[in-house]
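Rule-based calculations on the coordinates, nothing more; no lab input. None of the values given here were measured: they were computed from a predicted structure. No Cβ is skipped: glycine too gets one built from the backbone with ideal geometry, and neighbour counts run over all protein chains shown.
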């Protein structure tokens, strides 16, 4: 009977039977058409037909499958109001509805009532265990229920253990997962690949020894691991620093699984193991195999590949990978929340923004217009942290006259604080907008919708006649417009968050190279952190490989500090005279900030 094509109220009342109504509700349950329950009971009332407990059970089941536990509770209460005694099926259908919505307190209460009446069975207990296992904070109640079942006449089965394994998976409790698997073998309960996949995923944190033992148990039980099992085991070994073992498991997965049974997650797990082992050739081969099959490498796969090649010093390969990503339309960037207030006004900002002032003053010496581009504008305005206020105040309140290039930066901060208050610090966009001229333009990028909204709000105090703000990935936008020659000069500031470092540095250098080759009138500034000597020497080798002929590097920081207080600027096609001015600026900064 298809209710959707022939409404119940149009049926001949005399030919209606309770069994037909039960069939209607059973059909409604399969399609989650919970509205039909109300229509059925209204029709029964209108026809003066007394619904039996079977119809009530069918209605509770329909509500439960539609995840409407409150409606299921209403119908369970209605069963009693109609003078009927709810059966174990009635209660089980209701507890199942609580399971689907993780309403474990209601499920436990109903189970308690069933136990008082002596009607609780395995299905009742399993549904309650499943509901408790979905709780983020009280999932241990599922363990307690499982233990209580073992001590009572209701013996746990595969479904019970499966719910407990899912709880261990969600919370990464590998000891619990391994124990449940052992209990299942002791109780001679049948396991399958889904059982083991939950246990293996609980081991993903780094319990690689247990993951290997679980795979061996699967072999002993003649259970073929699926791709989830292999992926979890590889991840566990990789996170435990056992990249060779992880690669051995990946090779086993390649032999055991048809390429149609593999997915991007399995391949990415293998890539991260190759990345850890600096096996960049193997990583390239794996991505090539993915591309030649039906799998499409995603941004995560490419990021792992970039990291593996970068750590191996294969700079040309890294640039080719990024070019391939651009051709394939793979956008690697994710929205990063700027916590710039942590370093607002620090030596990092003083160096970066005073150097920006020098470059813009030199750009302004030429009457030709230019466009200032900020690839990571952030929110443009930040609250000064107490640890940095004294630094800015030392520069702002110093009686000693400052050289003009440092004074330009200090005056920009002072003017901004005059317009706002002295607890705020202007970021790069707010700085640059004070120095651009009426004939110049500004193009500001920010990827995060929340921060982009803050950016527009914070820059309202500026005249924005020639300022354009875009909520998009600046790298992607610029790389897809290289063929269009700009009508004016460009000053491009690239200031990414560098999390993760290798991926952002690779994309940044690729963008620098493309801008350098496509826009000969552009001046490019790339800010980078000075993390350690190995990282910085790697950057220098990349720049040597890229063979730029017009590179200027300036670095500034505090000696003997454990915090990130040292950074650098890479300038491509810096205006004439900038090198000497920056050298003098660094000396003045060191003197005024008492830096070594």
What base-10 log of the normalised intensity I(q)/I(0) is obtained for the chain from the Debye formula, alpha carbons as equal point scatterers, at q = 0.06, 0.08, 0.10 Å⁻¹?
-0.52, -0.80, -0.96
So what's the angle, to the nearest 10 degrees on a 0 to 90 scale, between helix 533-546 and the longest Cα principal axis of the chain?
70 degrees
Between residue 82 and residue 540, the two model label points (7 Å from Cα along the beta-carbon direction) sit apart by a distance in nm of 8.5 nm
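To the nearest 0.05, how large is the calculated FRET efficiency for residue 289 and residue 488 if R₀ is 51 Å and r is the Cβ-Cβ distance? Could you put the intermediate results ahead of the total?
Numbers: r = 46 Å, r/R0 = 0.91.
It comes to 0.65.
If you stretched the chain out fully between residue 480 and residue 439, how much longer would it get, using 0.36 nm times the residue separation minus the C-alpha to C-alpha distance?
Details: separation 41, 0.36 × 41 = 14.76 nm, distance 2.57 nm.
Working it through step by step, the gained length comes to 12.2 nm.
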Under the 7 Å Cα-to-Cβ spin-label approximation, residue 244 and residue 171 lie apart by a distance in nanometres of 3.7 nm
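Over the chain, what is the mean sequence separation of C-alpha contacts under 8 Å (at least six apart), divided by residue count, expressed as relative contact order in percent? Don't skip to the answer; put the middle values down first.
Details: 855 pairs, mean separation 47.4, N = 596.
Normalised by residue count, the contact order of the chain is 8 percent.
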Restricting the count to DSSP beta bridges whose residues both fall in the stretch 340-593, what percent are antiparallel, rounded to a multiple of 5?
45 percent
Ordering of 91-99, 402-410, 224-232 by burial proxy (mean other Cβ atoms within 10 Å per residue, highest first):
91-99, 224-232, 402-410
At 7 Å along Cα-to-Cβ for each site, give me the label-to-label distance between residue 365 and residue 252 in nm.
6.7 nm
Among beta bridges assigned by DSSP with both residues in the chain, the antiparallel ones amount in percent, to the nearest 5, to 45 percent
Ignoring solvent entirely, what values of log10 I(q)/I(0) come out of the Debye formula for the stretch 340-593 at 0.09 Å⁻¹ when each Cα is a single scatterer?
-0.37
To the nearest 10 degrees, how steeply does helix 264-276 sit against the main Cα axis of the chain, on a 0 to 90 scale?
50 degrees
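Quickly rank 352-365, 435-448 as a protection proxy: mean count of other C-beta atoms within 10 Å, highest first.
Working: 352-365: 21.6, 435-448: 19.1.
Ranking the peptides 352-365, 435-448 by packing returns 352-365, 435-448.
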Using mean Cβ contacts within 10 Å as the protection proxy, how do 74-82, 306-314 order, highest first?
306-314, 74-82
If I fit a long axis through the Cα atoms of helix 158-171 and take the longest principal axis of the Cα atoms of the chain, what angle between them do I get, 0 to 90°, rounded to 10?
20 degrees
Report the FRET efficiency, 1/(1 + (r/R0)^6), for residue 263 and residue 404, where r is their Cβ-Cβ distance and R0 is 56 Å, rounded to 0.05.
0.40
State, as an integer percentage, the relative contact order of the stretch 340-593 based on alpha-carbon contacts under 8 Å between residues 6 or more apart.
26 percent
FRET efficiency for residue 117 and residue 45, using Cβ-Cβ distance with R0 set to 25 Å, rounded to 0.05
0.30
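Neighbour counts of other C-beta atoms within 10 Å: give me 488, 135 arranged from fewest to most. Let's see the in-between values first.
Working: 488 12, 135 17.
If I rank by nearby Cβ atoms, fewest first, I get 488, 135.
Using only the Cα atoms, work out Rg/Rh for the stretch 129-242, with Rh taken as the Kirkwood radius, to two decimals.
Numbers: Rg = 13.6 Å, Rh = 14.0 Å.
Ratio of gyration radius to Kirkwood radius for the stretch 129-242: 0.97.
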